[in-house]
């Protein structure tokens with residue numbers, strides 16, 4: 001088991017190339033631009049704007065707003081579905097795990113097993129890098145909403 005002291009020593013987990021590493025989302029600005037997000041923003045005792053990270057509706061709305069504001073993506077998931085963390089996915093796409101240089105001009109194709117209702121990997125792969133990413137899932141609700149998210153962004 002890892003002690004509390006060892007956990008505090010962990011290095012930052014945000015990839016340095018990530019959009020939010022030096023410039024976290026401005027909740028006040030986002031709330032002013034997207035009224036649906038405003039209800040989820042509150043102020044801590046020190047006056048800083050916050051959201052309740054344990055509230056599904058709060059994190060879903062933040063994800064929706066970030067995808068629209070920063071990536072121009074329309075996105076929604078119904079209650080009961082997993083809500084992705086946008087910055088972690090950006091970290092993956094900007095990391096050295098997946099080479100993003102395509103000097104031969106080849107079409108980059110991906111396959112997301114268990115894409116879920118959010119379809120986040122195919123959406124960001126297509127919008128950020130111009131990749132073709134196929135998502136698969138086994139539940140009807142996941143397939144329905146992933147397809148809605150793809151179609152609402154004119155990727156098919």
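Can you pull the one-decimal nm distance between simple spin-label points at residue 138 and residue 70, each 7 Å off the Cα toward Cβ?
Spacing of the two 7 Å Cα→Cβ label points: 3.2 nm.
For the pair residue 34 and residue 21, how long in nm is the line joining their label points, each one 7 Å along Cα→Cβ?
Spacing of the two 7 Å Cα→Cβ label points: 2.3 nm.
Can you give me the orientation-averaged projected area of the convex hull built on the Cα atoms of region 21-61, in nm²?
3.3
With a Förster radius of 35 Å, plug the Cβ-Cβ distance of residue 155 and residue 44 into 1/(1 + (r/R0)^6) and report the FRET value to the nearest 0.05.
0.35
Could you calculate the FRET efficiency of residue 129 with residue 53 from 1/(1 + (r/R0)^6), where r is the beta carbon distance between them and R0 is 30 Å, rounded to 0.05?
0.60
Rule-based calculations on the coordinates, nothing more; no lab input. As the structure is a computational prediction, the values presented were derived from the model and not from experiment. Every residue, glycine among them, receives a Cβ derived from its backbone with ideal geometry; neighbour counts consider all protein chains shown.
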